[in-house]
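Asks: My structure is below; once you've seen it, I'll send some questions.
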Amino acid sequence: MSVQDILDQILKFECPNVCITGGEPLLQPEVLGLMKELCDRGLSLSLETSGDLSCVDVDPRVRKIIDVKTPDSGEPGKFNFENSG
C-alpha cells in the first residue's frame, strides 16, 4: 500500500489515537513520512519499536514506546543507546 492509501484507511476510522507497531516499523522507509502526515492531521501517534534502530528522525510529536531487550531475551546488545535520551 502507498502512504496515501494507508492514510485514507486510517482516517476512515475517525480515531484520534494511532499506534504504529508490528515487527519493527522503522525498517519501513516510508514510515517516517507516514508518521509526520498523521501528526500533521492532528492525530495522537505512538510508535512501538525495539530500540535497535535510531529514532532520531522520528517526528518529535510521536510518543515513542521503546522495548529495551533484557539479557534473557538473547538480544540485549541490540539496543541503540542513542534512543535513551
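Asks: Among the lysines, which fall within straight-line cross-link reach of K36, defined as a Cα-Cα distance under 19 Å, with same-chain neighbours fewer than 8 residues apart omitted?
Replies: Here the lysines satisfying the reach criterion relative to K36 are K12, K64.
Asks: What does a probe at D8 reach in the stretch 29-62, counting residues whose amide N is under 17 Å from the point 7 Å along Cα→Cβ?
Replies: Inside the label zone: 34, 38.
Asks: What longest region of the chain stays clear of trypsin sites (Lys or Arg not before Pro) that DSSP places outside H, G, I, E and B and that have at most 14 other Cβ atoms within 10 Å? Don't jump to the answer; show the numbers that get you there.
Replies: Values: sites that count: R41, R61.
Segment 1-40 is the longest.
Asks: Could you check which residue among S44, S73, S54 shows the biggest mean-square fluctuation in a GNM of the chain with a 10 Å Cα cutoff?
Replies: Largest GNM mean-square fluctuation: S73.
Asks: Among (1) 13.8, 42; (2) 12.1, 36; (3) 21.0, 67, which one is Rg and Dmax of the Cα atoms in Å computed from these coordinates?
Replies: Derived directly from the coordinates: (1).
Asks: So, one more: Under 19 Å Cα-Cα from K69, which lysines qualify once same-chain neighbours fewer than 8 residues away are excluded?
Replies: Straight-line reach from K69, under 19 Å: K78.
Asks: List the GluC sites (Glu not before Pro) within the stretch 5-63 that DSSP assigns to loop and that have no more than 10 neighbouring Cβ atoms inside 10 Å. Show your work: numbers first, answer last.
Replies: On the way: sites: E14, E30, E37, E48; in loops: E14, E30.
Sites meeting the loop and neighbour criteria: E14.
Asks: For the chain, find the longest principal axis of its Cα atoms and tell me its angle to the long axis of helix 3-12, 0 to 90°, nearest 10.
Replies: Result, in degrees: 70.
Each reported figure results from applying straightforward, stated rules to the coordinates on display, with no laboratory input. Keep in mind that this is a model prediction, so the values were computed, not measured. Here Cβ is always computed from backbone atoms with ideal geometry, including for glycine, and neighbour counts include all displayed protein chains.
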